[in-house]
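The values are calculated or read from the model by the stated rules, or taken from the named source; none is laboratory data. All of these numbers come straight from a predicted model, not from anything done at the bench. Note that each Cβ is placed from the backbone with ideal geometry, even for glycine, and that neighbours are counted across all protein chains shown. Keep in mind that these areas ignore ligands, DNA and RNA; they rest on the heavy atoms of the full protein, side chains included. Shrake-Rupley method; radii C 1.70, N 1.55, O 1.52, S 1.80 Å.
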Amino acid sequence: MSERHEAAALPETPVKARDPLIIRDLKFLGGMAVQGGWRPTDELPEVAVIGRSNVGKSSLLNILVRRKAFARVSRTPGRTQEVNFFKVNEDFILVDLPGYGYARVSKTKRHSWQPLIEGYLRMTTQLRGIILLLDIRRDPNDEDLAMLDYLAELEIPTLIVITKVDKLGTKARSERITSVVTAIEVDEDQVIPFSAHSGIGRDELAVAVVSLVTQPAWRRVEA
Ligand code: GDP
């Protein structure tokens, strides 16, 4: 058969790209309410999501795992200030950290997060990385910057996701992304633009999460 015939035999519509993170099973394991409190006994790799309250964390988690009800657990009264653990496919644990930014923080007081968040970040030996969310319409504030510094100090692999990009048109979007990456001193290709409304960035984020959980732990002993 000639090459021309082979080309003509290709399917007319391309096969849909495979979902990089197919969720076969998602289980809420429970929440840690106080530093050093209950946590799952599983030794599976963990990836945690963090950001200022209202940044779009619940919406992002819903889209990432394609379950509308997922983040509802984290929103129920009493759970919003806990570290919530969800087991994905017996493969890894997705950790929903409480949103920061409720309390006002002075510039001089650096590590001001609840001991709960600090404790989790310092003590979790199976932690593979953090996904830090920043809202495209807001400049990173002192708390965001302090959190980034803290993650860098602990040498935790950190992925930056810029949320709610659908709120802006193409030009304003690219200007705001430039402004945010400049503020946090990273390159533009180091951030994932994301929208829970349009689905932009979902698969890129899924690929990044899978790559974090499959890499070896960078932390061998408790920090
Ligand atoms: P959380 O407090 O960080 O969990 O934030 P939520 O997911 O509850 O979102 C806070 C608000 O932002 C809600 O009103 C959401 O509807 C809205 N929101 C979240 N993600 C997006 C997004 O991608 N696009 C738009 N336009 N709004 C969003």
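Starting from the alpha-carbon convex hull of segment 107-191, give the projected area averaged over all orientations, in nm². If you can, show how the numbers build up before the last one.
Working: hull surface 24.3 nm².
Convex hull of Cα atoms, orientation-averaged projection: 6.1 nm².
At 0.36 nm per residue, minus the direct Cα-Cα distance, what do residue 38 and residue 175 gain on full extension? Give it in nm, one decimal, please.
Details: separation 137, 0.36 × 137 = 49.32 nm, distance 4.33 nm.
Residue separation times 0.36 nm, minus the Cα-Cα distance, leaves 45.0 nm.
Which net charge results for the neighbourhood of residue 135, defined as the other residues with beta-carbon distances under 10 angstrom from its beta-carbon, given Lys and Arg at +1 and Asp and Glu at -1?
Details: positive: 52, 137, 138, 164, 167, 176; negative: 139, 144.
Here the charged neighbours net out to +4.
Give me the extension gain from residue 154 to residue 123: residue separation times 0.36 nm, minus the current Cα-Cα distance, reported in nm with one decimal.
Working: separation 31, 0.36 × 31 = 11.16 nm, distance 1.05 nm.
Here the answer is 10.1 nm.
For segment 26-213, just say rounded, prolate or oblate: build the C-alpha gyration tensor, square-root its eigenvalues into a ≥ b ≥ c, call rounded for a/c under 1.5, and beyond that prolate if a/b exceeds b/c, oblate if not.
Cα axes put segment 26-213 in the oblate bin.
With a 1.4 Å probe and all protein chains kept in place, how do 57, 171 rank by accessible area, largest first?
Working: 57 30, 171 150 Å².
Order by accessible area, largest first: 171, 57.
Taking 8 Å as the Cα distance limit and 6 or more residues as the minimum spacing, I'd like the relative contact order of segment 26-213 as a percentage.
25 percent
Can you pick out the pairs among 27/167; 57/171; 27/171 whose Cα atoms lie more than 30 Å from each other?
Numbers: 27/167 32 Å; 57/171 25 Å; 27/171 40 Å.
From the list (27/167; 57/171; 27/171), the Cα-Cα distance tops 30 Å for 27/167; 27/171.
Provide the gained length on full extension for the span residue 28 to residue 80, in nm with one decimal, where the gain is 0.36 nm per separating residue minus the Cα-Cα distance. Please report the intermediate quantities before stating the final value.
Values: separation 52, 0.36 × 52 = 18.72 nm, distance 1.42 nm.
Length difference between fully extended and current span is 17.3 nm.
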